[in-house]
Structures are given as C-alpha cells and as structure tokens.
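What follows is a short report on a single structure.
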Amino acid sequence: MSYRAGDHYKICDRCGSKVYASTTAKQWDGLIVCQIGCYEVRHPQDFVRGRADKQRVKDPRPEAVHGQRIDVEHITIDSEQVKIDQQGDSFIDTNEITRDSY
C-alpha cells in the first residue's frame, strides 16, 4: 500500500485487514468494513412487520352433536338438571339448600 494524501488507514471490523478509509463503508449494524468482500446489505426480511389478525368468530354457536342441536337452556351437572336463563345465570333447583334455609 502506498501513501495517499488525505486518506488514512482503517481496520476492517469483519476481516481485520488494514485498508484505506476511502475503501471502507459503514454497514447497517454499525460495523466499518471493506467495500469489496465484507460489506453486506441489510436483508429485506428485517423490514417485514406483522399485522393484527382478527381470528374471532362472529356470532359463535355450539356445534351439533350427531345431527342434533345442543340444548343451551338445560344442562346436567352431577346427574342433576340445571336450567340456564338467557343471561347465563343458573337457577337453583328447589331441592337444593340455600343460604336462607339455614
């Protein structure tokens, strides 16, 4: 390497070679490397951004069991039938003990 006025030496961060500053470039990750052989362009996939995906089902309904519709008003719990009102609250069976009957 011969002397170039106004051009100093730099060490390539990738290969460790001693090169003139005019033949180096700064990469996207901050490394100062040789323009020929060591320089890498940032990969396009680094700029891909995800989008929100709405995976909810509009107006979901229970599946039919063997071609029959599921009864959503009466549910059997521990071999006792419980009736469910439209808001999803359960009605207490009249045979059950309540707080008022202590």
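The values are calculated or read from the model by the stated rules, or taken from the named source; none is laboratory data. These numbers were taken from a predicted model, which means no experiment stands behind them. Every residue, glycine as well, gets a Cβ built from its backbone with ideal geometry; the counts of neighbours run over all protein chains shown.
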Worksheet entry | Residue in the stretch 27-39 that is nearest to the chain's Cα centre (by Cα), counting only those that are within 16 Å of Gly16 (Cα to Cα) and loosely packed, with under 12 Cβ neighbours inside 10 Å | Gly30
Discussion item. Give all pairs with beta carbons closer than 8 Å in which a residue from the stretch 17-41 that is within 14 Å of Asp7 (Cβ to Cβ) meets a residue that is in a loop (DSSP other than H, G, I, E, B) and of a type in the set (Val, Ile, Thr); count only pairs at least 6 apart in sequence or on separate chains.
Written reply: Thr23/Ile36
Worksheet entry | Failed condition for Val33, given (1) at pLDDT 85 or above; (2) aliphatic (A, V, I, L, M); (3) in a loop (DSSP other than H, G, I, E, B) | (3)
Discussion item. Out of everything in the stretch 1-21 that is farther than 15 Å from Ile36 by Cβ and in a strand (DSSP E or B), what residue ends up being modelled with the lowest pLDDT?
Written reply: Tyr9
